[in-house]
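Below: one structure, written as structure tokens.
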Amino acid sequence: MKYLKILLYCVLLLITYGLCRVVISRNKNFNVECAVEHLNRNCKPHSTKKCALYVYYALEAGGKKSVILPTWGYKYLLPIEGFKKVDLHNYTPQAGDIVVFPKVKHHIYGHVAMYNGNNWVSDFNQKNFIVAKEYKKSKYSIFRFYNK
């Protein structure tokens, strides 16, 4: 029991440190071209089940220093980083748009991908927007960064 409390305390400290780092070091600009280029250069032919990690590195390449989160956590992280949720009515994707799918059955972390101007890319070059049938009826969110 004592070790469990110590472990939980350490986890809370790490989470707090990570969130503070996001808020303190927030960069007001984002280079979409660099992010997309990094993602295109590093994606694999098939899923490695590491979409959050690949999008995290793409965000870093674009100038956003952030924290690695479970995939569904990007829904909360992206607004902190200056991304705005896109209205999906008459939506047309633009390079740099990021979609966040919630956790669903068989995909407990959800899914995240970035639009590269031609198609959606995560840890792999996706053939479709929806990468698993469980996401068809899920409430996904799309975020876009508007440089000022």
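The values are calculated or read from the model by the stated rules, or taken from the named source; none is laboratory data. All figures in this text were calculated on a predicted structure; none of them were measured in a lab. Neighbour counts are summed over all protein chains in view; Cβ atoms, including those assigned to glycine, are modelled from backbone coordinates with ideal geometry. What goes into the accessible areas is simple: the full protein's heavy atoms, side chains included, and nothing from ligands, DNA or RNA. Shrake-Rupley method; radii C 1.70, N 1.55, O 1.52, S 1.80 Å.
A few remarks follow.
- Probe 1.4 Å - accessible area at Arg41, Å² to nearest ten: 150
- Label point distance in nm, Thr48-Lys28, each placed 7 Å from Cα along Cα→Cβ: 3.5
- Phe124 long-range amide H proximity, modeled H, under 5 Å: Lys44
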